[in-house]
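J.: The structure that follows is given in the form of structure tokens.
The values are calculated or read from the model by the stated rules, or taken from the named source; none is laboratory data. Not measured: the values here are computed from a predicted model. Note that we place each Cβ from the backbone using ideal geometry, even for glycine, and neighbour counts take in every protein chain shown. These accessible areas exclude ligands, DNA and RNA; they are computed on the full protein's heavy atoms, side chains included. Shrake-Rupley method; radii C 1.70, N 1.55, O 1.52, S 1.80 Å.
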Amino acid sequence: MTTNSALRIIMLGPPGSGKGTQATRICERYNLGHVSTGDILRRHIQQGSELGQKAETAMAAGELLPDSLLYQMLEELYEDRDGEHVSFILDGFPRSLEQAEALEEFLQNRGQKVHQVVMLMLDDEKVVARLAGRRTCPECGRSYHLLAAPPRIEGVCDEDGTELIWRTDDHEEIIRRRLQTYHQETEPVATFYQEQGVLREVDASADMDQVEARIASGLKELM
């Protein structure tokens, strides 16, 4: 692997581009820790914590979360891991240039750096088509798609039989608002990492196996 026996990757891309799915797959392939800010925030929402309440309001409106909440979450994550040699894929953070600069400072203070940033590329209309048809199990978190990957029994999770939900942030008007925010706030992050020479663009319109193979091929030089 890398010279300090740790690999730190960021997964960027619009909502619906498969960041979470690909991060999970790559983590399993290389035995890395998957840090999904979305999953963590949804857990806080379910617990009714102060962070969760603030996050729920922002997510329902299709807005970015306040930086202070994300920094708090990142600190908590590092406290739960071996900070000196921690390996991870960050999925869902950073989402703005300010967050990227803060993350760089956060890692530099620990003598660490980001090794690669994977930018998943997907057209806006494909994003809407993917997300508007998504249904999620509130119990286990598994996602389905009405056309591409429906459950065996309509409206019911295959794993635990829980009734599937249509999340507020998967409604078309919210999706388009999220995309607008993404283009305004997150795309400058790609430029930031491109200037550092660590950005790789990957076409996310193919099937999951092909996308995973493309991501993996670009990580070989870091192993």
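J.: Would the range 146-157 turn up any residue that is within 19 Å of residue 58 (Cβ to Cβ) and open to solvent by less than 50 Å² (accessible area, probe 1.4 Å)? Outline the logic, then answer.
T.: Of the residues in the range 146-157, the ones within 19 Å of residue 58 (Cβ to Cβ) are none.
Looking through the range 146-157, none of the residues is within 19 Å of residue 58 (Cβ to Cβ) and open to solvent by less than 50 Å² (accessible area, probe 1.4 Å).
J.: Any idea how many residues of the range 28-38 are closer than 20 Å to residue 206 by Cβ and in contact (Cβ under 8 Å) with a residue 60 or more places away in the chain? First the steps, then the outcome.
T.: Let us first name the residues in the range 28-38 that are closer than 20 Å to residue 206 by Cβ, namely 28-29.
Still in the running and in contact (Cβ under 8 Å) with a residue 60 or more places away in the chain: 29.
Final tally of qualifying residues: 1.
J.: Could you list, ordered by first residue, the pairs with Cβ atoms under 7 Å in which the first is in the range 5-19 and farther than 11 Å from residue 116 by Cα and the second is polar (S, T, N, Q) and open to solvent by 10 Å² or more (accessible area, probe 1.4 Å), at least 6 apart or interchain?
T.: 6/87
J.: May I ask you to list the residues in the range 128-145 that are over 17 Å from the mean Cα position of the chain (by Cα) and either in a loop (DSSP other than H, G, I, E, B) or closer than 23 Å to residue 217 by Cβ (or both)?
T.: 133, 137, 138, 139, 140
J.: Of all the residues that make up the range 19-56, how many are open to solvent by 20 Å² or more (accessible area, probe 1.4 Å), in a helix (DSSP H, G or I) and within 18 Å of residue 138 (Cβ to Cβ)?
T.: The total comes to 10.
J.: Sticking with this one: Give the number of residues within the range 128-141 that are open to solvent by 30 Å² or more (accessible area, probe 1.4 Å) and within 19 Å of residue 91 (Cβ to Cβ).
T.: Result for the range 128-141: 4.
J.: For the range 101-127, how many residues are part of a helix (DSSP H, G or I) and open to solvent by less than 10 Å² (accessible area, probe 1.4 Å)? Explain how you work it out, then say what you get.
T.: Residues of the range 101-127 that are part of a helix (DSSP H, G or I), as a first pass: 101-108, 124-127.
Narrowing further to those that are open to solvent by less than 10 Å² (accessible area, probe 1.4 Å): 103, 107, 127.
Number satisfying all stated conditions: 3.
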